[in-house]
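The values are calculated or read from the model by the stated rules, or taken from the named source; none is laboratory data. Small disclaimer: the values here were computed from a predicted structure and weren't measured. For the accessible areas, the whole protein counts, side chains as well, though only heavy atoms, and no ligand, DNA or RNA atoms are used. Shrake-Rupley method; radii C 1.70, N 1.55, O 1.52, S 1.80 Å.
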Amino acid sequence: MIKLENATLKRSLGLWAIVGLGLGYMTPTIVFDTFGIVSKETNGVVPLAYITALIVMLFTAISYGKMVKVFPNAGSAYTYTRETMNPHLGFLVGWAALLDYLLLPMVNALIIRIYMVSVFPNVPAWIWVVAYVAAVTGINVWSMGKTSNMNTILVAFELVLIAAFLVLAIVQFSHGMGKGTVITFDPLYHSGVRLSAVLTGATVVCFSFIGFDAVTMYAEEAKDPKIMPKAIMLTVFIGGAVFFIASYFAQALFPDVSHFKNTDDTLPEIGLYVGGTLFKLLFISGAFAATVASGLASHASVSRLLYVMGRNGVLPKRWFGYVHPKFRTPAWNVILVGLVSLLAITPSLELISSFINFGALIAFTFVNLSVIAFFVFRKKRYKTAKDVFSYLVMPLAGAGLTGVLWSNLQKDALIFGIIWSGIGFIYMAIQTKFFRKQVINFQLDEAEKTSIL
């Protein structure tokens with residue numbers, strides 16, 4: 001075990017640096033990875049699914065902005081629910097969110113598998129998963145540092161590639177590809193489109209927005225904490241705009257999924273059909289770099305969270321609270337996350353993203369409800385029409401819309417999510433001696449963030 005010092009994070013991040021970190025976490029090129037899945041699900045209206053998801057995310061982003069002002073040192077659905085409603089309920093929300101953290105590294109491994117198979121189809125897929133997981137796990141055990149500058153470079157590279165895709169798409173339109181024109185209403189609506197299918201598609205693309213809420217983690221590093229609500233909204237708007245424009249062009253080029261051999265991840269084939277082999281390789285290389293960066297960060301994050309849960313006694317301290325004496329990293333946790341990531345050898349991106357969305361949508365719902373609990377019930381902010389609209393109507397709408405998306409998750413994801421939540425409930429009951437004692441706080445505080453990596 002290492003001795004934790006009372007360190008504080010340096011306030012060095014400006015508005016756009018924080019927005020860049022949020023966009024980096026969201027990984028803009030993911031819109032092309034999931035395009036085939038969502039196009040098949042929605043019958044060819046991927047942009048409409050993104051607009052639907054964006055509307056839901058905007059309500060939730062506004063609620064995040066309100067709560068980060070109240071709790072500037074602990075931006076998470078777990079903390080908001082714990083502090084405004086009930087510690088036990090907060091634990092269950094945090095437990096649901098833990099599912100996201102555990103599975104995100106596996107998603108990155110799965111996407112890398114698909115990229116590499118598209119370039120080297122004769123090499124067994126499992127080799128790429130094992131090689132990638134071993135590399136990421138080894139780096140995280142040894143040490144891993146990330147900077148805002150590196151993130152900015154990666155995000156800029158992604159956006160440049162997306163801009164190149166748009167230019168190449170316009171060229172292909174002029175040659176009669178797809179709809180043969182940039183201006184068409186078909187990507188947004190045509191005969192055969194069903195609301196239920198659009199909602200299911202919106203549930204899938206919610207996976208693309210996971211990360212806008214992650215900017216709340218940088219509240220302690222912002223030069224001015226007052227910029228956090230603006231940073232959250234800008235991240236959602238910019239990310240949503242990129243997703244919408246890119247998906248609109250892609251849908252106009254590929255009205256249906258008949259062009260694709262692999263609809264589970266269409267990015268490589270989109271790059272090939274739009275710009276040829278060279279652009280395909282560039283497209284994959286940009287997405288590859290962004291995915292690896294996201295993989296390193298998500299692997300490190302969940303390892304740290306598991307460490308604090310072990311150190312605080314929420315999980316067995318001997319294993320989860322262990323820190324390697326030489327590398328000063330939570331080595332056993334890093335290895336455990338690596339083992340979970342190896343499961344990326346077989347499942348589909350659609351299924352795993354649905355599992356992740358279960359926890360994310362639960363968290364988003366309770367962020368909205370925490371606004372009502374804090375401002376309406378605790379602070380009594382309901383005496384003016386403005387307060388009623390801001391602190392009751394808006395978050396209630398956000399919670400309701402998020403609930404609609406949650407109800408449209410895949411059946412397998414719902415079953416798995418309910419089982420996961422049930423395990424969390426049983427574990428909490430044991431930890432609290434059937435609710436006779438206070439539930440343990442497993443949040444990672446700011447001093448701990450600076451001392452583990």
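Results, tabulated for the structure shown:
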read-out	value
Extension reserve of the Phe435-Ser390 stretch, reckoned as 0.36 nm per residue once the Cα distance is removed	12.8 nm
The chain, relative contact order [Cα under 8 Å, separation at least 6], %	34 percent
Two-decimal Rg/Rh across segment 160-211, once Rg and the Kirkwood Rh are taken from alpha-carbon atoms	1.08
Long pairs among Lys66/Lys226; Lys66/Lys386; Lys226/Lys380; Lys69/Lys437, criterion Cα-Cα beyond 18 Å	Lys226/Lys380; Lys69/Lys437
Cα convex hull of segment 12-131, projected area averaged across orientations, nm²	10.8 nm²
Accessible surface of segment 57-213 [probe 1.4 Å, protein heavy atoms]: carbon and sulfur percent	70 percent
Structure-based [θ]222 nm, the chain - -39500 (n - 2.57) summed over DSSP H runs of at least 4, per residue, nearest 500	-22500 deg cm²/dmol
The chain - accessible surface per residue (Å², probe 1.4 Å)	42 Å²
Area projected by the alpha carbon convex hull of segment 331-381, averaged over all directions, nm²	5.4 nm²
Fraction of accessible area attributable to carbon and sulfur, segment 265-385 (%, probe 1.4 Å)	69 percent
Rounded to the nearest 10 Å², the accessible area of His175 at probe 1.4 Å	140 Å²
Gain upon complete extension [Ile127, Tyr427; 0.36 nm per residue less C-alpha separation]	104.4 nm
Radius, Kirkwood style, for segment 367-431 when every pair of distinct Cα atoms is counted (Å)	13.9 Å
Gained length - Ile170 relative to His259, 0.36 nm times residue gap less alpha-carbon distance	30.2 nm
Phi to ³J(HN,Hα) by Karplus 6.51 cos²θ - 1.76 cosθ + 1.60 over segment 421-434, Hz, x for Gly, Pro	5, x, 4, x, 5, 5, 5, 5, 4, 5, 4, 9, 6, 6
Compactness of segment 173-287 - radius of gyration and Dmax, Cα, Å	17.7, 52
Computed P(r) (all Cα pairs; the chain; 20 Å bins; percent)	25, 59, 16, 0
